[in-house]
Amino acid sequence: QQQVKQSPQSLIVQKGGISIINCAYENTAFDYFPWYQQFPGKGPALLIAIRPDVSEKKEGRFTISFNKSAKQFSLHIMDSQPGDSATYFCAASYTGGFKTIFGAGTRLFVKA
Amino acid sequence: KAGVTQTPRYLIKTRGQQVTLSCSPISGHRSVSWYQQTPGQGLQFLFEYFSETQRNKGNFPGRFSGRQFSNSRSEMNVSTLELGDSALYLCASSSGPQMDTQYFGPGTRLTVL
């Protein structure tokens with residue numbers, strides 16, 4: 001119930017391609033879905049986040065697609081660049097829960 | 001504004017010892033959360049504090065404890081260290097009571113020998 005399942009574990013994409021990472025959740029009480037980006041030796045940094053009242057949110061090359069009925073959400077990185085090579089985590093939390101559940105992470109490598 | 005700071009950055013301890021890690025949140029942030037990050041388990045929630053009160057706790061043994069001070073700085077303590085406690089311990093702070101946007105520190109790398 002509290003899990004967030006993330007796939008794939010790792011991803012290799014050519015420069016300029018689209019990177020897609022998927023997450024699924026069970027707890028319908030979740031109402032905040034952020035994505036974090038983590039580079040080696042650094043803490044995760046918030047990339048983009050969405051709430052269930054919208055189906056898509058775009059910020060620059062990063063887009064979250066959200067499917068409430070399927071309880072799934074995904075991160076799309078358009079025009080992927082070598083500098084995007086990092087580990088990406090999806091996460092979920094709910095108002096009053098005071099706790100964030102993270103997916104297992106996806107290691108993205110963008111080939112130049 | 002300065003980011004979240006964690007001290008020390010690296011720590012080596014032996015089994016059975018105890019350790020205290022420190023976290024200073026972004027100025028004005030009152031919510032502090034702690035996470036354990038390992039290659040096998042990913043990011044696991046430890047506990048969250050807001051205005052010196054623990055509001056939630058993850059599924060960790062009682063050897064893991066924490067506290068928050070009136071200036072929002074937080075510490076976590078691990079007693080009777082085990083080899084499996086080796087991990088990156090991350091602290092995150094949020095400005096509001098709902099801890100939506102969390103800002104992470106660089107972490108403390110703990111190695112237990």
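Summary of values
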{"read-out": "Proximal lysines relative to residue A:111, as straight alpha-carbon distance under 17 Å, when same-chain residues fewer than 8 apart are discounted", "value": "A:15"}
{"read-out": "Only Lys, Arg (+1) and Asp, Glu (-1) charged, at Cβ; chain A dipole about Cα centre in debye", "value": "180"}
{"read-out": "At R0 = 45 Å, FRET efficiency that the Cβ-Cβ distance of residue A:71 and residue B:18 yields, to 0.05", "value": "0.65"}
{"read-out": "Gain upon complete extension [residue A:79, residue A:9; 0.36 nm per residue less C-alpha separation]", "value": "23.2 nm"}
{"read-out": "Centroid-to-centroid separation of region A:38-91 and region B:17-41 [C-alpha atoms, Å]", "value": "23"}
{"read-out": "Inter-site label distance for residue B:75 and residue B:59 at 7 Å from Cα along Cβ, in nm", "value": "3.0"}
{"read-out": "Residue A:59-residue B:38 FRET efficiency (beta carbon distance; Förster radius 35 Å; 0.05 resolution)", "value": "0.70"}
{"read-out": "Farthest toward positive dipole pole in the protein assembly as shown [+1 Lys/Arg, -1 Asp/Glu at C-beta], among B:37, B:17, A:80", "value": "B:17"}
{"read-out": "Those lysines that a straight Cα-Cα span of less than 16 Å connects to residue A:5, excepting residues fewer than 8 apart in one chain", "value": "A:68, A:71"}
{"read-out": "Region A:1-66: C-alpha gyration tensor shape, a/c 1.5 cut-off, then a/b vs b/c", "value": "prolate"}
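Taken together, the values in this text are just the output of simple stated rules run on the coordinates, not laboratory data. None of the values given here were measured: they were computed from a predicted structure. Ideal geometry is used to build each Cβ from the backbone, glycine not excepted, and the neighbour counts take in all protein chains shown.
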